[in-house]
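The values are calculated or read from the model by the stated rules, or taken from the named source; none is laboratory data. Keep in mind that this is a model prediction, so the values were computed, not measured. When we count neighbours, we look across all protein chains shown, and the Cβ atoms used for this are built from the backbone with ideal geometry, even at glycine. We work out accessible area using only protein heavy atoms, side chains counted, and drop any ligands, DNA or RNA first. Shrake-Rupley method; radii C 1.70, N 1.55, O 1.52, S 1.80 Å.
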Amino acid sequence: SDLVVLFTDSLNYDMQPNIGYYFDGGKIVDTENELSSIYGQYSPDTKQAVFNFDVQLVNEEYTLYSDTLEYNTNTKIADIIGPSVMVSDSNVIYSKLGWYDTHNNTSMLFDRSIIVSKSQQLTGDTIFYNRAEGFGEVFGNMILNDTTRRVTMEGNYGFYDEIKEASMATDSARVIDYSQPDTFYLHADTLRSSVLLDSTRLIRAYYGTRFFRNDIQGVCDSMVYKTKDSAVYMFKNPILWNLDYQIFGDTIKVYMNDSTVRWAHVPAFAFATQQKDTAFFDQLSGKDLKAFFKEGRLDKVDVSGNVRTIFYPQERDSTFTGLNYAESSFLTMYLKDQKMDKLIMWPKVEGSLTPIPKITPAQLYLPDFHWYEEIRPRDPADIFRKIIRKKSEIPKKKRRFSNEI
């Protein structure tokens, strides 16, 4: 068995229980660790040592400071039973309850322990940590805060790869990006985060994705978010809102540089709409849509390919003059105060204007129209709302949207 040596100025030894203890400073040394404290006791039979007051466990990789510690010289496991700090080159661990296997470099930490490394701080109800692999697995109330990039990831289960700076969260998972003046809140069933070569973060969201920012909100099945230029790529049934405008399509790419939304691109299939009245909606559909924003508001829209529009022109006193339907190949719309200011369509335009009294229900909506206001995230907490869609709410023509978003 391993050699265990106890150093102290004065030692008390109880023959009956076979326990040696010191009151005024001492040290126990085995093949892997050196433990010192003001009070200590050791049982050669059980190989169990107990340390109190100014405890230090020192080995090649780290130093553990504590007030109360138990250690087994056979198993090399240290039991943390009081506030403790472990300091190494790679991180600092704060824990008041748990165990550390000093031979295998693994530990189980309870009671909201904290691991602080490079630019990250990991907290959880229970953390399983493997120092050799730089891997932490979290059970219950995980909070992973990247203080350098100002991004926090949360979930009731997750893990963190210290070496790759990669992480995953699920079960009430949320990412909060507070690197810009306007905080970005993102929820999905599963969130994954990794660091790119330029040291910025890439966040991937899977299933039931919902996000909220003051200027834009969105829902989709899955999403990729780049913190470098606050770029969002939305896939499978994406819907985007900006003030009273709604945009949806097959895929939506959003660019949010300089703390506000800059522009959005909807390739392949796009539909934009704005509610004007209870039954009246301005509508735009086409193959490719680019929406440009100014100070967080929609400023200009370019649409190309199979362009169709429904607009409700208004008099100065806001009275509607009729329903204006038009088709063309290209369209550019300029907005002022969230209202259409100028509309240009080319090269050939076909259309009609129907007076308000003569509008039939069949004329009100373009194919694929749907108003998704009921599933829009309303505030940062609303990203967690589960949405189950009825089949009757899904556009009939192309069946683009699944039952659940």
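On the given criteria, is Gly134 surrounded by 16 or more Cβ atoms within 10 Å (Cβ to Cβ) and in contact with a strand residue (DSSP E or B) (Cβ under 9 Å, 6 or more places away or on another chain)?
Yes; evaluated as a whole, the condition is true for this residue.
Need at least 2 residues that are at positive phi and buried (at least 16 other Cβ atoms within 10 Å of the Cβ) per element, so show me which strands (runs of 3 or more DSSP E) inside region 298-354 make the cut, counting only ones lying wholly within it.
none
Restricting to region 192-207, name every residue that is surrounded by fewer than 21 Cβ atoms within 10 Å (Cβ to Cβ) and not hydrophobic (A, V, I, L, M, F, W, C).
Answer for region 192-207, where residues must be surrounded by fewer than 21 Cβ atoms within 10 Å (Cβ to Cβ) and not hydrophobic (A, V, I, L, M, F, W, C): Arg192, Ser194, Asp198, Ser199, Thr200, Arg204, Tyr206, Tyr207.
Is it the case, given these coordinates, that Thr278 is open to solvent by 10 Å² or more (accessible area, probe 1.4 Å), assigned to a loop (DSSP other than H, G, I, E, B), within 30 Å of Glu165 (Cβ to Cβ) and among the hydroxyl-bearing types (Ser, Thr, Tyr)?
For Thr278, the condition - open to solvent by 10 Å² or more (accessible area, probe 1.4 Å), assigned to a loop (DSSP other than H, G, I, E, B), within 30 Å of Glu165 (Cβ to Cβ) and among the hydroxyl-bearing types (Ser, Thr, Tyr) - is not met.
Let me spell it out: the conditions are (1) modelled with pLDDT of 95 or more; (2) charged (D, E, K, R); (3) open to solvent by less than 50 Å² (accessible area, probe 1.4 Å), and Asp111 meets all of them except one. Which number is the exception?
Unmet condition: (3).
Look at region 2-47 and say how many of its residues are open to solvent by less than 80 Å² (accessible area, probe 1.4 Å) and aromatic (Phe, Trp, Tyr).
4
Can you tell me which residues in region 171-209 are at pLDDT 90 or above and of a type in the set (Val, Ile, Thr)?
Hits for region 171-209 are Val175, Ile176, Thr183, Thr190, Val195, Ile203, Thr209.
Can Val261 be described as in a loop (DSSP other than H, G, I, E, B), touching a residue at least 24 places away in the same chain (Cβ under 8 Å), surrounded by 20 or more Cβ atoms within 10 Å (Cβ to Cβ) and not acidic (Asp, Glu)?
yes
So which of Asp229, Asp250 is open to solvent by 10 Å² or more (accessible area, probe 1.4 Å) and either modelled with pLDDT of 95 or more or more than 19 Å from the chain's Cα centre (by Cα) (or both)?
Exactly one residue qualifies, and that residue is Asp250.
How about region 73-102: which of its residues are surrounded by 17 or more Cβ atoms within 10 Å (Cβ to Cβ), outside any strand (DSSP E or B) and not β-branched (Val, Ile, Thr)?
Hits for region 73-102 are Lys76, Lys96, Leu97.
State whether one or more residues within region 51-72 are closer than 15 Å to Asn130 by Cα, open to solvent by 10 Å² or more (accessible area, probe 1.4 Å) and not β-branched (Val, Ile, Thr).
Scanning region 51-72, I find at least one residue that is closer than 15 Å to Asn130 by Cα, open to solvent by 10 Å² or more (accessible area, probe 1.4 Å) and not β-branched (Val, Ile, Thr), so the answer is yes.
What pairs come out if I take residues in region 372-398 that are within 16 Å of Cys220 (Cβ to Cβ) and in a loop (DSSP other than H, G, I, E, B) and pair them with residues that are modelled with pLDDT of 70 or more and among the small types (Gly, Ala, Ser) whose C-beta lies under 8 Å away, six or more apart or interchain?
Pro377/Gly218; Lys386/Gly208; Ile387/Gly208
Among (1) in contact with a Ser or Thr (Cβ under 7 Å, 6 or more places away or on another chain); (2) at pLDDT 95 or above; (3) of a type in the set (A, V, I, L, M), where does Met256 come up short?
(2)
I want to confirm something. Restricting to region 155-167 and keeping residues that are of a type in the set (Asp, Glu) and part of a loop (DSSP other than H, G, I, E, B), which single residue is surrounded by the most Cβ atoms within 10 Å (Cβ to Cβ)?
So the residue we want is Glu162.
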